[in-house]
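Only one structure is covered here, and it is reproduced in the block below.
The values are calculated or read from the model by the stated rules, or taken from the named source; none is laboratory data. Remember, it's a predicted structure, so these values are computed and weren't measured experimentally. Reconstructed Cβ throughout: ideal geometry from the backbone, glycine too, with neighbour counts over all protein chains shown.
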């Protein structure tokens, strides 16, 4: 028989192809073996996803540096990790739109002058391209790391790898917390979601400090400027998003001004 992946000849007693490492599949797909394949691929202890998820908490510098140095088999690659993060994000958005949207409070500051209708419009519109907004954060984090945490002399493109791993992991790790908050306290979710930006910055700093260690004094001032660059990038993304929404007619200038 031949391998269905690389088409090399195989002995009939082989369970895995010695050429490409693919598992030999002999049975047709059933619900049972489909579930087994999913569980084995993503949740078994030797699986790259689970190892990557744990390592991004305990030793993120190893995950990132090994991938950049050419090791591909030990941990999940950044694009696949990002794909999982975007999938979970899609589930969150589905729950947000279909279940909790009507219960949310969009008045961020709790003041009459704040235009909560505009907040609702912006959030509703940006959900249609939320994946692009999320990915726009990656070069912001990567640039901050390239400028301020580059003891290893990585290229900017290599810092993009670090940025993908960092933000994808933050998104995956916060998925169940965000989903629970959304379901059990929908009226506070909009306000609380703004605090996640702070946690995102702190986790990014943790990853970069592990990747390029500095003493505490250097870390503090580098961390301060990293946060500054991140907030500038965030402001830039917000401005571009609002311009796009105005040009497409989703928002009007009056929506962005305080209510009288």
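Given the criteria assigned by TED's automatic domain parsing to the domain that holds residue 155, at pLDDT below 95, touching a helix residue (DSSP H, G or I) at 6+ places or on another chain (Cβ under 9 Å) and under 13 Å from residue 164 (Cα atoms), does residue 79 qualify?
The answer is yes for residue 79.
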Inset, instruction - With the condition kept exactly as written, say whether any residue in the range 227-241 is surrounded by fewer than 12 Cβ atoms within 10 Å (Cβ to Cβ) and modelled with pLDDT under 90. - result: yes
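Regarding residue 131, is this residue at pLDDT 80 or above, in contact with a helix residue (DSSP H, G or I) (Cβ under 9 Å, 6 or more places away or on another chain) and part of a helix (DSSP H, G or I)? Full working, then the answer.
Numbers: at pLDDT 80 or above: yes; in contact with a helix residue (DSSP H, G or I) (Cβ under 9 Å, 6 or more places away or on another chain): yes; part of a helix (DSSP H, G or I): yes.
Spelling it out, residue 131 is indeed at pLDDT 80 or above, in contact with a helix residue (DSSP H, G or I) (Cβ under 9 Å, 6 or more places away or on another chain) and part of a helix (DSSP H, G or I).
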Inset, instruction - Check off (1) under 18 Å from the mean Cα position of the chain (by Cα); (2) closer than 20 Å to residue 207 by Cα for residue 92 and give me the number that stays unchecked. - result: (2)
Legend entry - Candidates 106, 114 - the one that is surrounded by 12 or more Cβ atoms within 10 Å (Cβ to Cβ), out of contact with any helix residue (DSSP H, G or I) (no Cβ under 9 Å at 6 or more places or on another chain), modelled with pLDDT under 90 and assigned by TED's automatic domain parsing to the domain that holds residue 191: 114
